[in-house]
Amino acid sequence: MLFYVIAIIVIVIDQVSKLLIRAHIEINETFTLWGIQLTHIENSGMAGGLFPGNARLFGVLAVVFVLGVFYIRRTGEMQGVLIDSSFGFLVGGGIGNGIDRLLFGQVTDFIVRSGGILNLADHAIEIGGLLLILYVVVSWLKKKH
């Protein structure tokens, strides 16, 4: 249940934030909100604008990734709060960006960080990745003892 709750919350918050940015902020417009610099860009590639014009391909890859996570969850080999949280963030972020890629042919990014401009789905994917690493380390330590 935790997996689904996290994934749905990530998708909703991501899509609402992108909808608000697209509706109220011009492309390349920059402003600061609560001390966070925001710049509206549309990215037709992947992270950092790599491989521009391939958004729909990356959207299909997101679908394959999500199906892979559902398959892994179905096998029951990886269980627990940590992996459910990890997969919830990863799937929520993947679906959030996948929706943009498949519907619009580009992803709305707006959160300025060192290293680029991201969105909330990207941050969810980062959190999910960190939780996955933590899960692997904890599992390894449990097997070692």
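The values are calculated or read from the model by the stated rules, or taken from the named source; none is laboratory data. Here the structure is a predicted model, which means the values were calculated and not measured. With ideal geometry, Cβ positions are generated from the backbone for all residues, glycine too; neighbour counts draw on all protein chains shown. The accessibility values were calculated without ligands, DNA or RNA, using every heavy atom of the protein model including side chains. Shrake-Rupley method; radii C 1.70, N 1.55, O 1.52, S 1.80 Å.
Check Leu61 against each of (1) surrounded by 12 or more Cβ atoms within 10 Å (Cβ to Cβ); (2) over 16 Å from the mean Cα position of the chain (by Cα); (3) modelled with pLDDT under 95; (4) farther than 19 Å from Val12 by Cα and name the one condition it does not meet.
If we test Leu61 against (1) surrounded by 12 or more Cβ atoms within 10 Å (Cβ to Cβ); (2) over 16 Å from the mean Cα position of the chain (by Cα); (3) modelled with pLDDT under 95; (4) farther than 19 Å from Val12 by Cα, just (2) comes out false.
Residue by residue through region 67-89, note down the ones that are of a type in the set (A, V, I, L, M, F, W, C) and over 15 Å from Ile13 (Cβ atoms).
Residues satisfying the conditions are Leu67, Val69, Phe70, Ile72, Met78, Val81, Leu82, Ile83, Phe87.
Would you check which residues across region 90-113 are open to solvent by 50 Å² or more (accessible area, probe 1.4 Å), farther than 16 Å from Ile21 by Cα and in contact (Cβ under 8 Å) with a residue 24 or more places away in the chain and list them?
Ile95, Leu102 - these are the residues of region 90-113 that are open to solvent by 50 Å² or more (accessible area, probe 1.4 Å), farther than 16 Å from Ile21 by Cα and in contact (Cβ under 8 Å) with a residue 24 or more places away in the chain.
Considering (1) in contact (Cβ under 8 Å) with a residue 40 or more places away in the chain; (2) in contact with a strand residue (DSSP E or B) (Cβ under 6 Å, 6 or more places away or on another chain); (3) among the aliphatic types (A, V, I, L, M), say which one Ile27 fails and leave the rest.
(1)
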